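Each remark here refers to the structure printed beneath this line.
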Amino acid sequence: MPSFPLPRGFFQCSPLSPDELDQFAHLSSEVAVGCIINSRVANPALHWRLVDDVHEVQIYQGVDPAAPPRAAIWLGVTHIAATLDEIPSVNVAPDDATYKSAKKLTEKDMLLDCAHLYNIPTDSADTTVNLRWASIKFPMAGMTKPRDFCLLETQVRFTLDGFKGYAIATTSIELSCCPDFQEDLGLVRGRFYRTGTIYLESNRRGMLQVTRLVETDLGGSMPSWVIDLGQRNRMKSMRDLDRLFQERRLSATTFRTPVELVPKATRSKCYLCHRNFKLFGKTQCRKCGEVMCRSCSMSWIVHVSSFDVKVTICTSCSLAPRHDTLDGSVVYAPSTPSYCRQGETAASVSKFYRSRSQKSSPPMAYLDNSYKLEASTTCLY
């Protein structure tokens, strides 16, 4: 069996013809609109049925009469504290190195390998179209072969019933430089139809509704229960998106060195909640330097000087970089590590961060002037 990742230069990609470029540009518009429309839970055409609600992610299974008979139709819905302007910084990847880095962030549990193949020119700075290859593994690795996909990926800003959004949509394509690799690499070729992640503004300032749509035929003879397990895990992993964006915000800030931290021995109570420390309960915040209890602090993975480093940050300081995304009026006093909305305590902010139970879903509607393609004319099958 070959080893992954594949060596540099494995894909020999000849220039695309003008007709191929036009074909892929047109397809990108169709797949974007199709993903946005199909990702709405209220869309009656998909017959969405709630099958799980775990870790603030609602998981649905659907039936698309227009899809091929073997297609598995799944949808995940959650909410994160983020802005639309933050989404491209994680997902836009115009070359192989940035694409690999982006996929490792967003698909780390399933990703086997990936490669960037082509950039497709677009008429808008708000739209990117790329041709990619990606391979994935499954929880039952010993029972199932990994799958690979040759994909068109488009990223586009849109407006849906007055709510601004950002779509990352994919569909399978055929490329001469990316043939079926089952004999050479042991990868079973799968197909994505309408598949992608849709970020949409909600009624709460600074909160985005995120929907992940998967319409796929994984090929081969994989048992249905393995497919279901894999898709459930993929949807559950959406709970990590909020942490992903917060760690990127924290990575852009500075941290105190160990010698700049307040010595643990000088504090008998938590700086935030003022409770007495229990045995081995003290920890130091790498942002404000104060001594906290473990309930008022969290561990984060931040990218510092080209390395991923695990640091402990108190709840108040961990919220500070997201001040542009929190809803409501925000007050930040640099002289203390507290970061609260008016009238709130640090403990209540901590509760807000750890539990985002109040959700709001924008109403289902069709696309406005950002896209003029009619949903009834969009067909990728």
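The values are calculated or read from the model by the stated rules, or taken from the named source; none is laboratory data. What you are looking at is a predicted structure, and each value in this text was computed from that prediction instead of being measured. Here the Cβ is made from the backbone with ideal geometry for all residues, glycine too, and neighbour counts use every protein chain on show.
Could you run through segment 216-234 and say how many residues are under 17 Å from Gly190 (Cα atoms), modelled with pLDDT of 90 or more and within 17 Å of the chain's Cα centre (by Cα)?
2
Please verify whether segment 70-77 includes one or more residues that are modelled with pLDDT of 95 or more, over 20 Å from Cys178 (Cβ atoms) and surrounded by fewer than 17 Cβ atoms within 10 Å (Cβ to Cβ).
no
Quick one: what pairs do we get from segment 170-188, first residue under 24 Å from Phe24 (Cα atoms) and assigned by the TED database to the domain that holds Cys114, second modelled with pLDDT under 95 and of a type in the set (A, V, I, L, M, F, W, C), C-beta under 7 Å, 6+ apart or different chains?
Correct list of pairs: Thr171/Leu380.
If I ask for residues that are in contact with a Leu (Cβ under 8 Å, 6 or more places away or on another chain), more than 29 Å from Asn43 (Cα to Cα) and not acidic (Asp, Glu), which ones from segment 139-161 would you list? Reasoning before the result, please.
The first filter runs over segment 139-161 and keeps only residues in contact with a Leu (Cβ under 8 Å, 6 or more places away or on another chain), leaving 139-140, 145-148, 150-153, 157-160.
From what's left, more than 29 Å from Asn43 (Cα to Cα): 139-140, 145-148.
Within segment 139-161, Pro139, Met140, Lys145, Pro146, Arg147 qualify.
Need a quick list: helices (runs of 4 or more DSSP H) entirely within segment 169-266 having at least 3 residues that are under 16 Å from Glu86 (Cα atoms) and among the hydroxyl-bearing types (Ser, Thr, Tyr).
Passing ranges: none, list empty.
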